[in-house]
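Visitor: Below: one structure in structure tokens.
Rule-based calculations on the coordinates, nothing more; no lab input. Worth saying up front: this structure is predicted, and the values here are computed from it rather than measured. Neighbour counts run over all protein chains shown; Cβ positions are idealised from the backbone, glycine included.
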Ligand code: ZN
């Protein structure tokens, strides 16, 4: 299982980090060891600036390669939200030196994941779902999949040119604005359409 993460998919977030808005989806991969398997995230010793990024997530249900966007919806049904935890200090260092981002993005536990809901069973439109992150009971990020620069279908078409999608792979579709640092004691809660999908305690 792999986790494919899309970068800069909301223009308001690209602006807040002073990044240009891309003309093709930008993506990177986290290994399965990035998945956080508990509700507790421990700040790793190698970073002093871990950021939360709330992202809408699609779970792949069928193997596919070079999938055309008109058939993309056959490859997923369950969705959720997750956190693309980022060691912003390491990322900045890598970006400055032109090095790969992996250690800043793909470290153990960097991908807390919510429970999944079925789009078909709940009659949900993947292109119009609101989601929200609360930190210590205060809303810090809100987004809607209708604000994505590249839709889920466009993402699947692009990514599957390079990588075979396998059953259980997760696609994190990018974060809206409002990213920020987590500190010991924070409680992070992710929602889709006001339904709570996960909670993570930061240690
Ligand atoms: Zn992200």
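Visitor: Could you work out the per residue convex hull volume over the alpha carbons of the chain, in cubic angstrom?
Guide: Details: hull volume 21.8 nm³, N = 203.
Output value, Cα hull per residue: 108 Å³.
Visitor: Would you mind pulling out the separation of the Cα centroids of the stretch 30-49 and the stretch 140-203, in Å?
Guide: That distance is 16 Å.
Visitor: With no solvent and one equal point scatterer per Cα, compute the Debye intensity ratio I(q)/I(0) for the stretch 129-184 at 0.29 Å⁻¹ and report its log10, rounded to two decimals.
Guide: The calculated log intensity ratios at q = 0.29 Å⁻¹ are -1.19.
Visitor: 7 Å from Cα along Cα→Cβ at both residue 32 and residue 203: what's the point-to-point distance in nm?
Guide: Distance between the two pseudo-spin positions: 2.4 nm.
Visitor: Related question: If you stretched the chain out fully between residue 74 and residue 46, how much longer would it get, using 0.36 nm times the residue separation minus the C-alpha to C-alpha distance?
Guide: Working: separation 28, 0.36 × 28 = 10.08 nm, distance 4.06 nm.
Going from the current span to full extension adds 6.0 nm.
Visitor: Let me ask something else about it. For a distance above 13 Å, tell me the whole-number percent of Cα pairs in the stretch 74-134 that qualify. Display every interim value, and only then the final one.
Guide: Numbers: 1281 of 1830 pairs.
Value for the stretch 74-134: 70 percent of Cα pairs lie more than 13 Å apart.
Visitor: Pick from 109, 185, 64: which is most flexible by mean-square fluctuation in a GNM of the chain where alpha carbon atoms under 10 Å apart are linked?
Guide: 185
Visitor: Here is a follow-up. Would you mind calculating the gained length between residue 63 and residue 21 on full extension (0.36 nm times residue separation, minus the Cα-Cα distance), in nm to one decimal?
Guide: Values: separation 42, 0.36 × 42 = 15.12 nm, distance 3.01 nm.
Here the segment from residue 63 to residue 21 would lengthen by 12.1 nm.
Visitor: Then there is this: For the chain, modelled as a GNM with alpha-carbon contacts under 10 angstrom, which of 37, 88, 70 fluctuates the most?
Guide: Of the options given, 70 has the highest mean-square fluctuation.
Visitor: Compute a Gaussian network model of the chain, connecting alpha carbons closer than 10 Å, and tell me which residue from 31, 112, 100 fluctuates the most.
Guide: Maximum among the listed residues: 100.
Visitor: Let me ask something additional. Would you mind classifying the stretch 17-96 by shape? Square roots of the alpha carbon gyration tensor eigenvalues, ordered a ≥ b ≥ c; an a/c under 1.5 is rounded, otherwise it is prolate if a/b is larger than b/c and oblate if not. Walk me through the numbers on the way to the answer.
Guide: On the way: a/c = 2.55, a/b = 1.47, b/c = 1.74.
Oblate.
Visitor: Run the numbers on the chain and let me know its relative contact order in percent, using alpha-carbon pairs under 8 Å that are six or more apart.
Guide: Values: 485 pairs, mean separation 69.7, N = 203.
Worked out over the chain, it gives 34 percent.
Visitor: Next up: Find how much the distance from residue 161 to residue 123 grows on full extension, using 0.36 nm per residue of separation minus their present alpha carbon separation; answer in nm with one decimal.
Guide: Values: separation 38, 0.36 × 38 = 13.68 nm, distance 2.91 nm.
Additional length available on full extension: 10.8 nm.
Visitor: Still on this model: Add -39500 (n - 2.57) for each DSSP H run of 4 or more in the chain, then divide by its residues: what number comes out at 222 nm, to the nearest 500 deg cm²/dmol? List each step's numbers first, then the result.
Guide: Working: 4 runs with 31 residues, N = 203.
Result for the chain, helices only: -4000 deg cm²/dmol.
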